[in-house]
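Structure first, then comments.
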């Protein structure tokens, strides 16, 4: 039997990422691109987001620092020198392909994944889990109608070799 057709479906647009701004208050960031998926956190008007990709009417965004994130304790080792009974703040992952989760239970949605030697910042601990700052590769979803695309940041000018930046001319003040 010969297969003569080839189907190629592209659901997510991986256009160049961009910075956006939330245009309404109390907007949910979700674990998936549906209204039925679990809420990770809420964002307020004027908060900035980094959009990674687009899926139909949803943007995949890098999670903000306020998003809850958890990793099992057994997958990290502290790198801080801490007195006994004090939790460490900085740790490194000691295994590959470790899931970062929304809540400290294995059935919770996966927000990202870390590998051996990746750093994590510990915020708290309990029940065999660390609460951590969201890792750089942890993502959530926000409906695109709540994000306004921001213009690209202007490139910073650097002087050519041997050239000095000019001082801005001062305006004379009239008394």
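Looking only at the stretch 31-47, decide whether some residue is touching a helix residue (DSSP H, G or I) at 6+ places or on another chain (Cβ under 7 Å), crowded, with 18+ Cβ neighbours inside 10 Å and either outside the structural domain of residue 115 (by TED's automatic domain parsing) or at pLDDT 95 or above (or both). No: zero hits. Any chance the stretch 8-18 includes a residue that's out of contact with any helix residue (DSSP H, G or I) (no Cβ under 7 Å at 6 or more places or on another chain), over 25 Å from residue 145 (Cβ atoms) and at pLDDT below 95? Within the stretch 8-18 (the criterion being out of contact with any helix residue (DSSP H, G or I) (no Cβ under 7 Å at 6 or more places or on another chain), over 25 Å from residue 145 (Cβ atoms) and at pLDDT below 95), the answer is yes, since at least one residue qualifies.
In the set (1) part of a strand (DSSP E or B); (2) buried (at least 16 other Cβ atoms within 10 Å of the Cβ); (3) not assigned by TED's automatic domain parsing to the domain that holds residue 44, the condition left unmet by residue 77 is number (2). Being more than 26 Å from residue 32 (Cβ to Cβ) and modelled with pLDDT of 95 or more is a property that holds for residue 94. If you go through the stretch 93-126 and pick out every residue that is more than 14 Å from residue 75 (Cα to Cα) and not in a strand (DSSP E or B), you end up with 6.
The values are calculated or read from the model by the stated rules, or taken from the named source; none is laboratory data. All of these numbers come straight from a predicted model, not from anything done at the bench. Don't worry about glycine lacking a Cβ; one is built from the backbone with ideal geometry, like all the others, and counts go over all protein chains shown.
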